[in-house]
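Let me begin by presenting the structure, written as structure tokens, before commenting on it.
The values are calculated or read from the model by the stated rules, or taken from the named source; none is laboratory data. Bear in mind that the values here come from a model prediction, so they are computed numbers and not experimental data. Here Cβ is always computed from backbone atoms with ideal geometry, including for glycine, and neighbour counts include all displayed protein chains. Please note that ligands, DNA and RNA were not included when accessible areas were found on the heavy atoms of the full protein model with its side chains. Shrake-Rupley method; radii C 1.70, N 1.55, O 1.52, S 1.80 Å.
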Amino acid sequence: MASFLEQKFGLKGKVALVTGSSKGLGLAMARALAQSGADVIVNGRDAASLAPVVKELASYGVKATAIAADLGRRADVERLIGEAIAWQGHLDILVNNAGIIRRAPAVSHTDADWDEVLNVNLNGVFTACRAAGKHMLARGSGKIINTASLLSFFGGFTVPGYAASKGGVGQLTKALSNEWAGQGVQVNAIAPGYMRTDNTAALQADAGRSKEILSRIPAGRWGEPADLEGTIVFLASSASDYLTGQVLAVDGGWCGR
Ligand code: NAP
């Protein structure tokens, strides 16, 4: 008989797609899902950088594959979800993680940067949720986990497009949860705090900002990608079946301050 942990948190037989999983937070979440038994599809724009990730995930004894697609292009997102469902005939877990940031004061924030950030971080998430949600609703079950941000709650500084996109991700998470909670599909978001990845390279390199950020984190350190492992497995598993519409901050206590 399966142990309590396997029953509640085990993901054997589930198929998960993690967008933006060639590196950073997406890679850490893809690893955690595979190590919990899920078959995993990784994604990014570049097939070559996904190949070693597929190899690593398969080493955990699960099936793994890669689908290259640009989340900033609606047709690509629809193809991605279609191919993800076709891979094993079902998709149980969708992690909308791919995201970009462009830093510039609002008055010099270009149309190109605004459009790119909104397309990848918000429009791509909606298109993916709509396509995967349709499939999950027809099956009566599914887990969608979006990657939000502390800037889903706060405005940030010189990242207006990013803050707008992540605010939108938080609201979209609640809107979809309201529609789908009664039909077996839970929609939640993780709002990571300040995590050490390429996305925050500029902040980490700025000694003044880095010190200021660190001084406000009660845990006393920046987050590491592995800090999301437990949360993603919890939100992807049956342990969280009555938890939906939440934007859960994993931030070393930053929001509580
Ligand atoms: P990262 O290290 O820069 O990784 C970003 C990932 O997204 C990469 O796998 C990248 O793959 C993929 N990606 C970027 N643009 C894409 C596109 N158009 N289509 C498909 N994939 C794309 O960043 P990260 O820190 O892990 O960020 C992951 C998510 O967490 C983002 O949504 C970010 O906004 C959010 N977040 C991060 C932090 C933090 O402190 N790091 C905090 C809050 C929220 P390719 O480049 O290979 O395409």
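For every residue, the table says whether it meets (1) of a type in the set (A, V, I, L, M); (2) buried (at least 19 other Cβ atoms within 10 Å of the Cβ); (3) closer than 28 Å to residue 129 by Cβ.
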site: 163; (1), (2), (3): yes, yes, yes
site: 172; (1), (2), (3): yes, yes, yes
site: 181; (1), (2), (3): yes, no, yes
site: 186; (1), (2), (3): no, yes, yes
site: 205; (1), (2), (3): yes, no, no
site: 208; (1), (2), (3): no, no, no
site: 213; (1), (2), (3): yes, no, no
site: 219; (1), (2), (3): yes, no, no
site: 235; (1), (2), (3): yes, yes, yes
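The residue list 26, 37 contains one member that is of a type outside the set (Val, Ile, Thr) and in contact with a strand residue (DSSP E or B) (Cβ under 8 Å, 6 or more places away or on another chain), which is 26. Where helices (runs of 4 or more DSSP H) sit wholly within the range 118-231, those with at least 2 residues that are without any contact (Cβ under 8 Å) to a residue 60 or more places away in the chain and under 16 Å from the mean Cα position of the chain (by Cα) occupy 124-139, 160-180. Would it be correct to say that residue 104 is assigned to a loop (DSSP other than H, G, I, E, B) and open to solvent by less than 70 Å² (accessible area, probe 1.4 Å)? In short, yes. A Cβ distance below 8 Å, combined with a sequence gap of six or more or placement on separate chains, defines the contacts here; from the range 96-111, residues that are under 25 Å from residue 24 (Cα atoms) reach residues that are modelled with pLDDT under 95 and open to solvent by 30 Å² or more (accessible area, probe 1.4 Å) in the pairs 99/199; 100/199; 101/199; 103/202. Within the range 1-20, residues that are open to solvent by 50 Å² or more (accessible area, probe 1.4 Å) have Cβ atoms under 9 Å from residues that are of a type in the set (Lys, Arg) and modelled with pLDDT of 95 or more in these pairs: 6/12; 14/143, counting only partners at least 6 apart in sequence or on another chain.
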